[in-house]
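Scroll down for the structure; my scribbles are underneath it.
The values are calculated or read from the model by the stated rules, or taken from the named source; none is laboratory data. Small disclaimer: the values here were computed from a predicted structure and weren't measured. Cβ: placed from backbone, ideal geometry, glycine included. Neighbour counts: every protein chain shown. Just the protein is used for accessible areas: all its heavy atoms, side chains included, with ligands, DNA and RNA removed. Shrake-Rupley method; radii C 1.70, N 1.55, O 1.52, S 1.80 Å.
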Amino acid sequence: MKFPDGFTWGAATAAYQVEGAWNEDGKGRSIWDDFCRKPGKVRNGDTGDLACDSYHRWPEDVKLLQEGGFGAYRFSVSWPRVQPGGRGRANQAGLDWYSRLVDGLLEAGIEPWITLYHWDLPSSLQESGGWYERSTAEAFADYADVVAHALGDRVKRWITLNEPWVVTACGHALGIHAPGFRRPYSALRVAHCLLLAHGLAVPRIRAASPGALVGLTNNLSVVDGVRIDRPPSKAARRFDAIANRMFMDPVFNRRWPTEIAGAVDRQAGRNLRPGDLELIGVPIDFLGVNNYSRTIVKASPLPLYSFLPVRPAYGHAAFTSMDWEICPEGLYRLLMGIARDYGNPPVYITENGAAFEERPDGGVVRDGNRIDYLRAYLSQAARAAAEGCSLRGYFVWSLLDNFEWAEGYARTFGLVHVDYEGGTLARTPKDSYRWLAQVIGRNEI
Ligand code: IFM
């Protein structure tokens, strides 16, 4: 199966997961620096203090991208590296570091794709209310403006937020990610502020970086009821409204999903202003889609959250080491659904990949299970493109084994192994890296 001409092939990472250098060159603290220091929050007490040390080793990483044939690199900017206090004067040393990375990528023929927020909110903004406050959305737009002014002459691909659903649900409803709140109802206020941050930032980026293409990355998955062979149950539709449509309908259709519109209004309270949906619904140039699995839910008696995720019970279900079901057809169904329901916008898969644990053996890392996963998902992506979905590119998650949030370094998604055990952080390309390089070279699977 061929991918469309001009298809973008990339690899993705995020600042806190790979950079390290958590307190160098004037960087301020982020909520993840703080969260990792709270006992019991991250597996094995791991932190991103050093991570892959890409802050110092980035030339090696650029070389890996180049040798793998990747045409694009999606990385995120650490807000507290650029604005240590979350507002006001920029930290020039931080901006300079990103500027060197951008130049290095361009020299290697790799297009930089910047994500402005991949979860590392400056701690000082958390102290003044974090994503519960409209003022944080306004600060984000100012920060976007600072970064776009510094790098927008060379960077033309911008993603405002990565996975606002995860920030909302894991960070503010379930308490398993920074900042660690377990407040399921007021989390809707967070969703509103995040989307507002996105909407306020888009025109600022465009003004600072003429010709820039700006998008949003959502993590999306198809949702099925327990009887997966039947049309979606009520619980499945409710989960779809809260996890998928809550971050799609306001952006594409300037409205909240009907199932939750009233609850959003009540929870967002004084943060909500007339005209917000117009701001949030500013047209975007592309949608970033992160997809790994599908979701199966059963009914629960809770009024708003009337669903409970369940593990697939059918015999042949297979899982990655995150315990996520391997469901390649879910990607196809998802892409076709986006094309159908949202006017077939240009879509980039900005993350897809699998965690499996493997070790180098004589300089070789055999990860056939990851190759199987990628082959199956890429085939379904190509199928969706062949059937009319406006799919323009694919970024694998991830270039490197890195800090997997609450799972620390225990779950590895990289095409390149990083030696944490020996502490050398040496990079060893896995079989999947070479396999994907061939797919990229042929633009077909
Ligand atoms: O590592 C994360 C990434 O930061 C966001 N999307 C999902 C990945 C795997 O969990």
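Of all DSSP beta bridges located in the chain, what percent are antiparallel, nearest 5?
On the way: 10 of 47 bridges.
Given both bridge residues lie in the chain, the antiparallel proportion sits at roughly 20 percent.
Let me spell out the model: positive unit charges on the Cβ of Lys and Arg, negative unit charges on the Cβ of Asp and Glu, origin at the Cα centre of the stretch 1-62. What dipole size does that give, in debye rounded to 20?
Working: 8 positive and 11 negative charges, 73 e Å.
That gives the stretch 1-62 a dipole magnitude of about 360 debye.
How much net charge surrounds TYR342 when only other residues with a Cβ under 13 Å from its Cβ are counted (Lys, Arg +1; Asp, Glu -1)? Each step should come with its number before you reach the end.
Working: positive: ARG245, ARG254, ARG255, ARG340; negative: ASP249, ASP341.
Every neighbour counted, the sum reads +2.
Using a 1.4 angstrom probe on the protein heavy atoms only, line up ARG206, ARG366, ARG245 by accessible area, largest first. Mind dumping the intermediate values first?
Working: ARG206 75, ARG366 165, ARG245 50 Å².
Listed by decreasing accessible area, they come as ARG366, ARG206, ARG245.
Quick one: accessible area per residue over the chain, 1.4 Å probe, rounded to a whole number of Å²?
Values: 16500 Å² over 445 residues.
Averaged over the residues of the chain, the accessible area is 37 Å².
Work out the charge dipole of the chain with +1 on the Cβ of Lys and Arg and -1 on the Cβ of Asp and Glu about the Cα centre, then indicate which of VAL190, ALA317, ASN44 is farthest towards its positive end.
VAL190
Using unit Cβ charges (K, R positive; D, E negative) and no other charged atoms, how large, in debye to the nearest 20, is the dipole of the chain about its Cα centre? Intermediate results must be reported in sequence, preceding the final value.
Numbers: 50 positive and 51 negative charges, 280 e Å.
It works out to roughly 1340 debye.
If we count every other residue with Cβ under 15 angstrom of THR217's Cβ, Lys/Arg +1 and Asp/Glu -1, where does the sum land? Walk me through the intermediate numbers first.
Details: positive: ARG74, ARG157, ARG392; negative: GLU163, ASP285, GLU351.
Once all neighbours under 15 Å are counted, the net charge is 0.
Just to be sure I understand: of the beta bridges DSSP finds with both ends in the stretch 81-225, what percent are antiparallel, rounded to 5? Can you show the working numbers first?
Values: 0 of 8 bridges.
The antiparallel proportion sits near 0 percent.
For the residue pair THR428 and MET1, what label-to-label distance in nm results when each label sits 7 Å from Cα along the Cα-to-beta-carbon direction?
About 3.3 nm separates the two model spin labels.
Using a cut-off of 17 Å between alpha-carbon atoms, which aspartates and glutamates can reach LYS38, once sequence neighbours fewer than 8 places away in the same chain are excluded?
Of all the aspartates and glutamates, those that pass the test against LYS38 - Cα under 17 Å, at least 8 places apart if same chain - are ASP46, ASP49, ASP120, GLU127, GLU404, GLU407.
Taking R0 as 35 Å, what's the FRET efficiency between SER128 and ASN44 from their Cβ-Cβ distance, rounded to 0.05?
Numbers: r = 32 Å, r/R0 = 0.91.
Calculated transfer efficiency: 0.65.
Separation between the ARG359 and GLN92 pseudo-spin-labels, each 7 Å from Cα along Cα→Cβ, expressed in nm?
Placing both labels 7 Å beyond Cα along the Cβ direction yields 4.8 nm.
What aspartates and glutamates sit close enough to LYS430 to cross-link, taking a C-alpha to C-alpha distance under 18 Å and skipping anything fewer than 8 places away on the same chain?
GLU60, ASP61, GLU67, GLU357, GLU358, ASP361, ASP367, ASP372, ASP401, ASP419, GLU421
Between ARG230 and MET322, what length comes free when the chain is fully extended (0.36 nm per residue of separation minus the Cα-Cα distance, one decimal in nm)? All intermediate terms of the calculation are to be shown ahead of the outcome.
Details: separation 92, 0.36 × 92 = 33.12 nm, distance 2.66 nm.
In short, 30.5 nm is gained.
Select from the chain the helices, each a whole stretch of DSSP H, whose alpha-carbon atoms run 24 Å or more along the helix axis and whose Kyte-Doolittle mean is at least 1.0; answer none if there are none. The partial results should precede the final answer.
Working: long enough: 134-151 (26 Å, 0.27); 187-208 (32 Å, 1.06); 368-386 (27 Å, -0.26).
Helices passing the filter in the chain: 187-208.
Given a 1.4 angstrom probe, I'd like the percentage of the accessible area of the chain that is carbon and sulfur, rounded to a whole number. Mind dumping the intermediate values first?
Values: 8550 of 16500 Å².
Carbon and sulfur together cover 52 percent of it.
To the nearest 20 debye, what is the magnitude of the charge dipole of the stretch 61-219 about its Cα centre, counting +1 on the Cβ of each Lys and Arg and -1 on the Cβ of each Asp and Glu? Intermediate results must be reported in sequence, preceding the final value.
Numbers: 15 positive and 14 negative charges, 72 e Å.
Using only the charged Cβ atoms, the result is roughly 340 debye.
Within the stretch 275-421, what percent of beta bridges assigned by DSSP are antiparallel, to the nearest 5? Don't skip to the end; give the middle numbers.
On the way: 5 of 13 bridges.
That works out to approximately 40 percent antiparallel.
For the stretch 392-439, with the dipole built from +1 on Lys and Arg beta-carbon atoms and -1 on Asp and Glu ones, taken about the Cα centre, which of VAL416, GLY393, TRP405 lies farthest toward the positive end?
GLY393
Could you give each residue of the stretch 164-170 its phi-based ³J(HN,Hα) in whole Hz, using Karplus coefficients 6.51, -1.76, 1.60 with θ = phi - 60°, and x for Gly or Pro?
Result, rounded to whole Hz: x, 4, 5, 4, 5, 7, 6.
Check the straight Cα-Cα distances from LYS234 and name the lysines below 20 Å, setting aside those fewer than 8 residues away within the same chain.
Result set, ordered by chain and number: LYS298.
Compute the FRET efficiency between LEU308 and ARG340 as 1/(1 + (r/R0)^6), taking r as their Cβ-Cβ distance and R0 = 25 Å, and round to the nearest 0.05. Working shown, then result.
Details: r = 28 Å, r/R0 = 1.11.
For LEU308 and ARG340, the calculated efficiency is 0.35.
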